[in-house]
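Single-structure report; data block below.
The values are calculated or read from the model by the stated rules, or taken from the named source; none is laboratory data. Here the structure is a predicted model, which is why all the values come from computation and not from measurement. Note that each Cβ is placed from the backbone with ideal geometry, even for glycine, and that neighbours are counted across all protein chains shown.
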Amino acid sequence: MNEPVKVLYIAGAGRTGSTVLEKLLGQIPGVFAGGELTFLWGYAIKGRCSCGLPLVVCPVWSAVLTEAYGAVDAVDPDEMVELRRRFDSRYLPLMVTDGVRRRMLARLGPYPETVERLYAAIRSATGCNLIVDSSKEPHYSYILNSRPGLDVYVLHLVRDPRAVGFAWSKRREQKGIPGSMMEIRSPAVSATYYGVSNVATELMWARHQDRYLRVRYEDFVLQPIEVVDRIGEFVGEPLDLRSVLPDGRRGEVTATHSAWGNPNRFDTGTIELRPDDEWVGRMDSRARRAIEVLNAPFITHYGYSFKHRSSPTRV
């Protein structure tokens, strides 16, 4: 019998820098950067792989889909989207216990098995030992963890909620589907989403110490080599960024095959990691104060400062 497919699942809120982390991990031999695979059927299947080709004609994804299901169009994406909606973020407040989550999981029909086959096909088609899924949705990680063929490790990526709120306020082209724009969220919506996503991630995973690791984005950009070393120890895989970032924070990246996510998944060439504190000088003061009020417990819990400038602690 084949060993379960090892999945590093990046959980938490959106706009936390997961695409940058995933892209760098995807440069390491044996690691497949899959992107936000929870959105494969709703968005990605109609859009472009980060290699630039339409997903259904990308040689990697066409091989994966054919291996998993017999043909690239064998699965009805509308059916998968409808089934996924039975277990989406609207129901997170109900998912407070394992028992409730198990009962809700039973409503998903063939969806869990369908996604399990996807990850198995990724490993088979690419030969990669570790699949990175940056979906972030805590409830989707529970679906993956319910499948015997998947070996799930959760990387809880957090970022200063004010930086997250500022990122949600920017208007950017999606690029995955040309002509479409990324969602914009108000400070109140961003702060609420931040709180719910992070609380749910901790409730579902934090007690499983061998399956849960929390990392701050600010620490990652300051010490990427050291942080990725910790991630490698966590998942039991030799993840070494030294050849990717020869001077520790600057290097060259090539195209990956991320199915969906932030538009910077398409970026190639020189990458330089540095603290992203644009929000300090450019964020609307009222928006900043609103987020500080609504996310005050998280600012303290994750070790940030209430001063205007974030003060990350090095790992």
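The set of residues in segment 268-285 that are farther than 26 Å from Ile122 by Cα and assigned to a loop (DSSP other than H, G, I, E, B) comprises Leu273, Arg274, Pro275, Asp276, Asp277, Met283, Asp284.
Assessment of segment 295-302 against the conditions (over 19 Å from the mean Cα position of the chain (by Cα), part of a loop (DSSP other than H, G, I, E, B) and surrounded by 13 or more Cβ atoms within 10 Å (Cβ to Cβ)) yields at least one matching residue. Of all the residues in segment 86-105, those that are surrounded by 13 or more Cβ atoms within 10 Å (Cβ to Cβ) and acidic (Asp, Glu) number 1.
Examine segment 242-256 for a residue that is within 18 Å of the chain's Cα centre (by Cα) and closer than 25 Å to Val7 by Cβ, and state whether such a residue exists. Yes, segment 242-256 contains a residue that is within 18 Å of the chain's Cα centre (by Cα) and closer than 25 Å to Val7 by Cβ. Pairing residues of segment 176-199 that are within 27 Å of Asp267 (Cα to Cα) and free of Cβ contacts under 8 Å to residues at least 40 places away in the same chain with residues that are of a type in the set (A, V, I, L, M, F, W, C) and surrounded by 14 or more Cβ atoms within 10 Å (Cβ to Cβ), at Cβ distances under 6 Å and at least 6 apart in sequence or on separate chains, gives Arg185/Trp168.
For first residues located in segment 78-105 and more than 22 Å from Val189 (Cβ to Cβ) and at pLDDT 85 or above, partners that are part of a helix (DSSP H, G or I) and among the hydrophobic types (A, V, I, L, M, F, W, C) and lie 6+ apart or on another chain with Cβ distances below 7 Å form the pairs Leu83/Leu108; Arg86/Leu108; Val100/Leu94; Met104/Phe87; Leu105/Phe87; Leu105/Ile143. When Ala44, Ala13, Ala68 are checked against the criterion of being at pLDDT 95 or above, farther than 29 Å from Ile184 by Cα and out of contact with any strand residue (DSSP E or B) (no Cβ under 6 Å at 6 or more places or on another chain), Ala68 stands alone in meeting it.
Here's the yes/no breakdown for (1) surrounded by fewer than 18 Cβ atoms within 10 Å (Cβ to Cβ); (2) aliphatic (A, V, I, L, M); (3) on the phi > 0 side of the Ramachandran plot:
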{"site": "Glu113", "(1), (2), (3)": "yes, no, no"}
{"site": "Ala120", "(1), (2), (3)": "no, yes, no"}
{"site": "Gly127", "(1), (2), (3)": "yes, no, yes"}
{"site": "Ile131", "(1), (2), (3)": "no, yes, no"}
{"site": "Lys136", "(1), (2), (3)": "no, no, yes"}
{"site": "Pro148", "(1), (2), (3)": "yes, no, no"}
{"site": "Leu155", "(1), (2), (3)": "no, yes, no"}
{"site": "Pro161", "(1), (2), (3)": "no, no, no"}
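Total residues in segment 214-267 satisfying the condition of being loosely packed, with under 15 Cβ neighbours inside 10 Å and part of a strand (DSSP E or B): the figure is 2.
Going through (1) among the hydrophobic types (A, V, I, L, M, F, W, C); (2) part of a helix (DSSP H, G or I); (3) under 23 Å from Tyr43 (Cβ atoms); (4) out of contact with any helix residue (DSSP H, G or I) (no Cβ under 6 Å at 6 or more places or on another chain) one by one, Ile122 falls short only on (4). The helices (runs of 4 or more DSSP H) falling completely within segment 1-85 that include 1 or more residues that are out of contact with any helix residue (DSSP H, G or I) (no Cβ under 8 Å at 6 or more places or on another chain) and surrounded by fewer than 24 Cβ atoms within 10 Å (Cβ to Cβ) map to 59-69, 77-84. Annotation: of all residues in segment 140-158 being touching an Asp or Glu at 6+ places or on another chain (Cβ under 7 Å) and not in a strand (DSSP E or B), the one that is farthest from Glu67 (Cα to Cα) is Arg147.
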